[in-house]
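One structure is given here, and the rest of the page talks about it.
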Amino acid sequence: MKVSIIDLTEDPITSAKKASSVHDVNSADPPFGSRFLVDPSLTFTQNAWDHVPPPMDQGTTIATSLARQRAAVVSEEERLKLNSKPAKYWDNFYKNNEANFFKNRKWLHNEFPDLVAAEEPDAGSVKIAEFGCGAGNSIFPVLSANQNPQLELYAYDYSNHAIKLVQHNPLYAFPPCGSIHSAVWDLSSDDSLPPGLAPASVDIVILVFVLSALHPDEWASAIRNVQKVLKPGTGKVLFRDYGRYDLTQLRFKSGRMMGDNFYKRGDGTRVYFFELDELSLLFTGQQLSKEERDRANLEMSTAEIVDGEDDDGSTGAGSITTVELAKSSPELITNSPNTILPSPFTQLSVTPSTINDSTKKFEPSSANDAEIHPNLLNPSFPFLRDDIDDTSDKDDQNKQLLSQTPRHHPLFTIVNLGIDRRLIVNRKRQLKMYRVWMQAIFRRV
């Protein structure tokens, strides 16, 4: 059955929202405008519902989709081709779609109050850089709302045609307030800073549906580059991207899977679907505690709906269950394998009992059985191993201990990290569509 995504903005009941959808799950007073599905008989009375738990048979749905996808994966030859020149496919995408595919992300200000503060008339000197800016659907809403004459905006993308679209936007030539700059630059490049930016000079980096477009082997360089440009102690990353087992992932057909949770689209662009612990490991080198995961996965959020668009044209920011990290951080993983698996595929994490029992309540994977990309289980991530002296006269046991010892402090701390779950319905066709996104704010150490 063909599944279509509908636009929440067509709902006349929905009005503009003022508050962020990210806040503590234990908040006593939910913000005005939240929509929660208390009575299942009312499912098709609204276009969307906030933080709806997956249905009991979701485990079966996931297992069936993954089994179908794994039965016919992308060939090694095609994987090499797609991974060798990814910018080419995004160039073709923007040539075909121009600036018309993605809608402006007006929800950014609701979700990330730091943007609002940076745009205040008396905010002073502030630098905001967006990596993976595309046609400018995030940076131009910021520029349009800006009232700070000292705000400097920087937009980068490795697609040459995307940057041309940014530079041909009327707001680029005549910014209403502040300044804007752009250039072609690859976030995953080694040992190069974005043109026009000095190390430790940026206050805010925007990463919206960007890391998912990179190959997992490119994550380390990307994280290092983000860390290099941000101001120590105060610089923040505003992050939003695809979540594990989102509808988009499950509806991929055969011949699209490039690796575990990593796919090619029909136009040759790539997409990865993240899990909570993967994001925590990416930025902090630490997994979440069981309590933190349970809060994010299972507790009810009292967040409000925010209308917007994500990167595939479907409705964006919604209700997010927030993870607030405890002051005492969980232990670093030091007993995980350091080597990357030669194959991009591992075993399915869905158990046979889940596949066969459609009446069993679906629960997200625990920290122990969740699929985490092996790159992130390397204790040295996101740094290379050239700082370890493997040629010295140490015995094998000492070498092994050394290789399992983190060589660097975490680069970021988590301000908040959450799962955005939304049930979108097509009332005319009586379809239910479960969307999952990840959203976070990280602060440079």
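The values are calculated or read from the model by the stated rules, or taken from the named source; none is laboratory data. Quantities reported herein were computed from a predicted structural model and do not represent experimental measurements. Neighbour counts run over all protein chains shown; Cβ positions are idealised from the backbone, glycine included. Calculation scope for accessible area: heavy atoms of the full protein, side chains included, ligands and nucleic acids excluded. Shrake-Rupley method; radii C 1.70, N 1.55, O 1.52, S 1.80 Å.
Highlighted here are the strands (runs of 3 or more DSSP E) found entirely within the stretch 80-190 that include at least 2 residues which are among the aromatic types (Phe, Trp, Tyr): 151-157. For the stretch 109-149, the set of residues classified as buried (at least 22 other Cβ atoms within 10 Å of the Cβ) and more than 24 Å from the chain's Cα centre (by Cα) consists of 146 only.
Can you confirm whether the stretch 143-156 contains a residue that is of a type in the set (Asp, Glu), within 27 Å of residue 440 (Cβ to Cβ) and touching a residue at least 60 places away in the same chain (Cβ under 8 Å)? So far as the stretch 143-156 goes, no, none of its residues is of a type in the set (Asp, Glu), within 27 Å of residue 440 (Cβ to Cβ) and touching a residue at least 60 places away in the same chain (Cβ under 8 Å).
Just to be sure before I move on: is residue 32 open to solvent by 60 Å² or more (accessible area, probe 1.4 Å), under 24 Å from residue 265 (Cβ atoms), at pLDDT below 85 and assigned to a loop (DSSP other than H, G, I, E, B) in the structure I sent? When the stated conditions are applied, residue 32 does not pass them. Of all residue pairs spaced 6 or more apart or on separate chains, those with beta-carbon atoms under 6 Å, a first member in the stretch 43-61 that is crowded, with 18+ Cβ neighbours inside 10 Å and a second member that is of a type in the set (Phe, Trp, Tyr) and at pLDDT below 85 are 50/36; 54/362; 58/362; 59/362. Does residue 415 satisfy being modelled with pLDDT of 90 or more and more than 30 Å from residue 58 (Cα to Cα)? Criteria met by residue 415. Out of 218, 152, one residue alone is acidic (Asp, Glu) and open to solvent by 40 Å² or more (accessible area, probe 1.4 Å). It is 152. When you check residue 194 against the structure, is it more than 30 Å from residue 61 (Cβ to Cβ), touching a strand residue (DSSP E or B) at 6+ places or on another chain (Cβ under 8 Å), open to solvent by less than 20 Å² (accessible area, probe 1.4 Å) and not hydrophobic (A, V, I, L, M, F, W, C), yes or no? Yes; evaluated as a whole, the condition is true for this residue. The condition of being under 25 Å from residue 108 (Cβ atoms), touching a Pro at 6+ places or on another chain (Cβ under 8 Å) and at pLDDT 95 or above holds for only one of 229, 237, that being 229. Taken over the stretch 191-209, the criterion of being under 26 Å from residue 439 (Cα atoms) and without any contact (Cβ under 8 Å) to a residue 60 or more places away in the chain is satisfied by 193, 199, 200.
Out of the residues in the stretch 221-242 that are farther than 22 Å from residue 113 by Cα and under 15 Å from the mean Cα position of the chain (by Cα), which is surrounded by the fewest Cβ atoms within 10 Å (Cβ to Cβ)? Among residues in the stretch 221-242 that are farther than 22 Å from residue 113 by Cα and under 15 Å from the mean Cα position of the chain (by Cα), the one surrounded by the fewest Cβ atoms within 10 Å (Cβ to Cβ) is 222.
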